[in-house]
Amino acid sequence: MAADRRAELAANLAAVRREISRACADAGRDPAEVTLIAITKLFPASDVALLAGLGVADVGENRDQEAAAKARECEGIDLRWHFVGQLQTNKARSVAGYASVVHSVDRPQLVDALSRAAGRTDRSLRCLVQVSFDAGSDSGPGRGGAAPEDLPELADRIASAPALTLGGVMAVAPLGVEPGPVFARLAELAADLRERHPEATWISTGMSDDLTAAIAHGATHLRIGRRLLGERPSRR
Ligand SMILES: *Cc1c(COP(=O)(O)O)cnc(C)c1O
């Protein structure tokens, strides 16, 4: 069983890495500039351990309760945990306990909560501003993200928080639209941000279905779930 699953994950990982290499070659980029984050939500800690054994160093989760339990189960495995989901301020302290990076910072209160939480730990927490490109003011059910015009102020707030490091930007391409123009806009916003904050070099975008377009537009961090782990079991 475990051997079968390991072989399946190894094959998926090899296929994703090949696609990353091909997309980088097409874009004239060095694959070393692109970090693969395995999004392991709804899959067991045993899969995280198998992926780590296959050389994956970065894993991501979108719910605190599940992530906290999984990170505990994987204690002793050298991994960077990324939090990529919508986050309530009352979960900030828990997330700061295991995560190295929060990709989904989208409002000032969350910056302040993460800053207080990270201040209690002995390491700095890297934060990305999640930008929403969904039409209208509501970014849709459960997706989150700040309006593009709010990015500079949120970034300044993160950069000035002693326990936080500004990493850059994150986005999820809206459903049902061509992702290329969205990724191009995100790249522009990221370039503007780097003029003020040169350290903010991360562009976290690109998922299972749009990773090639993301790489073409400068993504530095891909968040890949289904292509690595298979179709997700449904939440109970
Ligand atoms: C689930 C999830 C992903 C991975 O999506 P796939 O389509 O399975 O690759 C990436 N980012 C976020 C924020 C997610 O919640």
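Taking 7 Å steps out from each Cα toward its Cβ at Thr121 and Asp209 produces label points 3.2 nm apart. Residues Asp210, Asp156, Asp122, Asp26, ranked from the fewest to the most other C-beta atoms within 10 Å, line up as Asp122, Asp26, Asp156, Asp210. Net charge of the neighbourhood of Met170, taken over other residues with C-beta under 10 Å away and scored Lys/Arg +1, Asp/Glu -1, is 0.
The local environment of Ala219, defined by Cβ-Cβ distances under 10 Å, has a net charge of 0 under the rule Lys, Arg +1 and Asp, Glu -1.
If the chain linking Glu75 and Leu175 were pulled fully straight, counting 0.36 nm for each residue of separation and taking away their Cα-Cα distance, it would gain 32.5 nm.
Using Cα pairs under 8 angstrom and six or more residues apart, how large is the relative contact order of the chain, in percent? Once divided by the residue count of the chain, the mean separation gives 20 percent.
With both labels modelled 7 Å from their Cα along Cα-to-Cβ, the Ala57 to Glu188 distance reads 3.4 nm.
Remark: relative contact order (region 83-173) = 32 percent; criterion is Cα-Cα distance under 8 angstrom and separation of 6 or more residues. Around the amide H of Gly60, modelled in the peptide plane, lie the amide H atoms of Ala38, Ile39, Thr40, His82, all under 5 Å away and 5 or more residues distant in sequence or on another chain.
Panel order for Met170, Met207, by other beta carbons found within 10 Å of each beta carbon, from fewest to most: Met207, Met170.
Just to be sure I follow the definition: excluding the sites themselves, where is the longest run in the chain that has none of the GluC sites (Glu not before Pro) in a DSSP loop with at most 14 other Cβ atoms within 10 Å? Of all site-free stretches, the longest is 76-198. Working note: Karplus 6.51/-1.76/1.60 with θ = phi - 60° gives region 48-64 the couplings 4, 5, 5, 4, 4, x, 8, x, 6, 10, 10, 10, x, 9, 10, 9, 4 Hz, where Gly and Pro are set to x. Its Cα centre serving as origin, the chain has a Cβ charge dipole (Lys and Arg +1, Asp and Glu -1) of approximately 720 debye. Remark: the Ser21-Arg232 segment gains 73.4 nm on full extension, using 0.36 nm per residue and subtracting the alpha carbon distance.
Annotation: Cα Rg of the chain relative to the compact-globule expectation 2.2 N^0.38 Å equals 0.97. Counting neighbouring beta carbons within 10 Å and listing from fewest to most, the residues Cys127, Cys74 come out as Cys74, Cys127. Spatial offset of region 160-236 relative to region 29-52 amounts to 15 Å, using the alpha carbon center of each.
Any read-out appearing in this document is the output of simple, stated calculations on the displayed coordinates, not a laboratory observation. Keep in mind that what you see is a predicted model, and the values were worked out from it rather than measured. Glycine gets a Cβ as well: all are built from the backbone with ideal geometry, and neighbour counts include every protein chain shown.
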